[in-house]
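Let me begin by presenting the structure, written as structure tokens, before commenting on it.
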Amino acid sequence: MENVELAAALDEVADLLEIQGANPFRVRAYRNAARFVRGYSTPLRKLVAEGRDLTELPTIGADMAKYLAELCQTGKLAVLEQLRSQVPPGLVEITQLPGVGPKRAQALWKELQITDLEQLRQAALAGRVAALRGFGDKTQQKILQAIERRAGQQKRFLLADADQIAAALREHMAQAPGVDRLEMAGSWRRRKETVGDLDLLVTAAEPGPVMDHFTRWPSVAEVVQKGTTRTTVRLRSGMQVDLRVVEPAAFGAALCYFTGSKEHNIRMRQRALERGLRISEYGVFELLEGEGGERREGRRVAGATEQEVYAAVGLPWIPPELREDRGELEAAERGELPALVELGDIRGDLQMHTRWSDGKNTLAEMVAACLARGYAYMAVTDHSPSLAMTGGLDPAKLRRQWQEIERVAADYPKIRILKSMEIDIRRDGSLDLADELLEQLDVVLVSIHSYLELGMAEQTRRVLKALEHPRVHILAHPTGRRLGQREPMQLDMDEVLHCAREHGVAVEANAQPERLDLNDVHLFRARELGVKVVISTDAHSTADLDLMRYGVAQARRAWLTPKHVLNTLPPGRFLQALRRRR
DNA sequence: GCCGTTTTCGGCCCGACTGTTTTCAGTCG
């Protein structure tokens, strides 16, 4: 059982306990554990198999350790089975409706015997929901609307799509009356692979006109709520946007607060309390002891900038990509925050396609585009023959491509064009190109495009076999996932990463917005194990070369510095490092 | 249920908005 599955089980326990009305702190304990497990880079099943003491991990106490071991060893969790028999699982879906939380879900269940969305819809249509205590006509109406459009509203957006909406929003809001500063916060700023909503933060003398300007944006489909400090709208695209207006003296505190993550903020506030301070979106305040021992807020000691807020609790500024409570506060405390890799550090792109296979641009166009981006080298990685539908290159065609590479190279002496190929890993783990040709390539990139649904054992063996081939340099988009479209392959990633390290093979951080493969958690694990990483765009056009920033963003979320990323090296050292096998 | 130079009990982050209420609970981020 993989970490994400363990986390899902713990989250479901939390959901069901919450509907039961359990102690909220107990519920939180399950959620904290689930969140930790989901983001933890080492598979817990391995630690369990080794008999390690899981209670040494944060958020895991005696009970959680027992449950995790049970899940790893049996695939089941008795506590969860029991809860499912006590609480109808359909209620969980009901709590996911906006405006319906555990309390109302429980009322619907106990008072009206409602256990799923369809029953709720019927009850609401019949007007029985509005009659419940704590509900009313408006709530009933909202519930109905939420059920009707449920499919559209749950989705998360690819980071690249969110970027487009964010840019348009920024342009509109920059023209709002009296707007001074304007920043996008939230998971967008932390560069998460998908974004659920956008948080826009502005400073303005008067909030009213700014809120009005915001709700008049043509892309707005519905104003969800509107106040003097916060307004929420839903766009025609389905994206929800929150606008907050704050005073300049609180801008940094608000930016921290709305950037999150929630867990990072909680740790920051706890840290503040330990120092006799209180952090809110309005600033960092002294806490004074009142007459009766109660604590009241004193003067504001920080708030205008993020740097100030962190400094107030004795920390350096922490890059947004790290704010996930994955050890960044501790690292900041020790003065060991990583100097994260930046787009400008990248010296070459190592996966791209041309018209020789399924790319849209010619080789010469791709070379000129790479040069324009300041790269010192690039790898031309058209597909191998078995991917017929992409126009994969057979040996004869490959040799003709080499001739063209040599011709084009003569015209572009400032960039090194590396002969390469994205070679398909066949079902049995063998490679879709003869050894004799592999030997003539500068860079050998391998990846899987077929039989994605094999079981974990077989799929893992297949990849390991490919990595053991002495000519292989890079494993591209290792899990094959496509966000929102295709689940990752069943793959024992820890085995794969260990094997990659053993054989000196680099793993790719594919920058395609719907791939981002490996993801941040796997890249973090690669870094821990000392596996080499390359960041590549997998470009199919010159424009795609600009996707590099999405790969870099995920690498940053994985704490990678330039020294972890091979394609930050100059050409000579890059090739040396790439070919160093162990 | 977790956690501890405020340790084995008693805490556990903070504020805005809405709707249903007559002073606040529920939900959300």
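A compact table of results
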quantity	calculated
A:L97 being touching a residue at least 40 places away in the same chain (Cβ under 8 Å), of a type in the set (A, V, I, L, M) and closer than 30 Å to A:A123 by Cα	yes
Enumeration of residues in segment A:266-286 that are free of Cβ contacts under 8 Å to residues at least 40 places away in the same chain, in contact with a helix residue (DSSP H, G or I) (Cβ under 8 Å, 6 or more places away or on another chain) and near DNA strand B (Cβ under 8 Å from one of its atoms)	A:R278, A:I279, A:S280, A:E281, A:Y282
Condition met for A:K465 (under 21 Å from the mean Cα position of the chain (by Cα), more than 25 Å from A:V37 (Cβ to Cβ) and free of Cβ contacts under 8 Å to residues at least 60 places away in the same chain)	no
Test: residue in segment A:347-366 that is on the phi < 0 side of the Ramachandran plot, part of a loop (DSSP other than H, G, I, E, B), aromatic (F, W, Y) and more than 25 Å from the chain's Cα centre (by Cα)	yes
The listed residue being away from DNA strand B (no atom under 13 Å from the Cβ) and either of a type in the set (F, W, Y) or crowded, with 21+ Cβ neighbours inside 10 Å (or both), out of A:A205, A:A162	A:A162
When residues of segment A:248-262 are limited to those that are near DNA strand B (Cβ under 9 Å from one of its atoms) and crowded, with 18+ Cβ neighbours inside 10 Å, the one farthest from the chain's Cα centre (by Cα)	A:Y257
Tally of residues being under 25 Å from A:A160 (Cβ atoms) and either touching a residue at least 40 places away in the same chain (Cβ under 8 Å) or of a type in the set (G, A, S) (or both) across segment A:196-223	11
Members of segment A:306-342 that are more than 22 Å from the chain's Cα centre (by Cα) and β-branched (V, I, T)	A:V309, A:V313
Residue in segment A:137-145 that is away from DNA strand B (no atom under 13 Å from the Cβ) and either modelled with pLDDT under 90 or assigned to a loop (DSSP other than H, G, I, E, B) (or both) present	no
Options A:Q82, A:Q86; residue that is within 13 Å of DNA strand B (Cβ to nearest atom) and more than 22 Å from A:H264 (Cα to Cα)	A:Q82
Boolean, A:L91 is under 28 Å from A:D325 (Cβ atoms), among the hydrophobic types (A, V, I, L, M, F, W, C) and more than 8 Å from DNA strand B (Cβ to nearest atom)	no
Number of positions in segment A:479-505 that are assigned to a loop (DSSP other than H, G, I, E, B), within 22 Å of A:F157 (Cα to Cα), touching a residue at least 12 places away in the same chain (Cβ under 8 Å) and not β-branched (V, I, T)	7
Matching residues, segment A:20-37, being surrounded by fewer than 17 Cβ atoms within 10 Å (Cβ to Cβ) and either within 24 Å of the chain's Cα centre (by Cα) or among the hydrophobic types (A, V, I, L, M, F, W, C) (or both)	A:A22, A:F25, A:R28
Considering residues of segment A:69-79 that are in a helix (DSSP H, G or I) and in contact with a helix residue (DSSP H, G or I) (Cβ under 8 Å, 6 or more places away or on another chain) only, the residue nearest to DNA strand B (Cβ to nearest atom)	A:V79
Candidate set: segment A:506-534, residues that are closer than 17 Å to A:F574 by Cα and without any contact (Cβ under 8 Å) to a residue 60 or more places away in the chain; chosen: the one surrounded by the most Cβ atoms within 10 Å (Cβ to Cβ)	A:A509
Search result, residues across segment A:482-498 that are at pLDDT 95 or above and either in contact with an Asp or Glu (Cβ under 7 Å, 6 or more places away or on another chain) or of a type in the set (V, I, T) (or both)	A:V496
Members of segment A:76-94 found to be within 18 Å of A:I143 (Cα to Cα) and either free of Cβ contacts under 8 Å to residues at least 60 places away in the same chain or of a type in the set (K, R) (or both), listed by number	A:G90, A:E93, A:I94
Hits in segment A:223-243 (condition: within 10 Å of DNA strand B (Cβ to nearest atom) and surrounded by fewer than 21 Cβ atoms within 10 Å (Cβ to Cβ))	A:V223, A:V224, A:Q225, A:K226, A:G227, A:T228, A:T229, A:R230, A:T232, A:Q240, A:D242
Which listed residue is buried (at least 20 other Cβ atoms within 10 Å of the Cβ) and either in a helix (DSSP H, G or I) or without any contact (Cβ under 8 Å) to a residue 60 or more places away in the chain (or both), from A:G335, A:G392	A:G392
Given (1) buried (at least 16 other Cβ atoms within 10 Å of the Cβ); (2) assigned to a helix (DSSP H, G or I); (3) charged (D, E, K, R), index of the condition A:K192 fails	(2)
Residues of segment A:23-42 classified as closer than 18 Å to A:H264 by Cβ and within 8 Å of DNA strand B (Cβ to nearest atom), total	3
Residues located in segment A:195-249, provided they are among the aliphatic types (A, V, I, L, M) and either within 18 Å of A:G260 (Cα to Cα) or assigned to a loop (DSSP other than H, G, I, E, B) (or both)	A:V195, A:L198, A:L200, A:L201, A:V202, A:A205, A:M239, A:V241, A:L243, A:V245, A:V246
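The values are calculated or read from the model by the stated rules, or taken from the named source; none is laboratory data. Note that the structure is predicted; figures quoted are calculated from it, not measured. Glycine also receives a Cβ, built like all others from the backbone with ideal geometry; neighbour counts cover every protein chain displayed.
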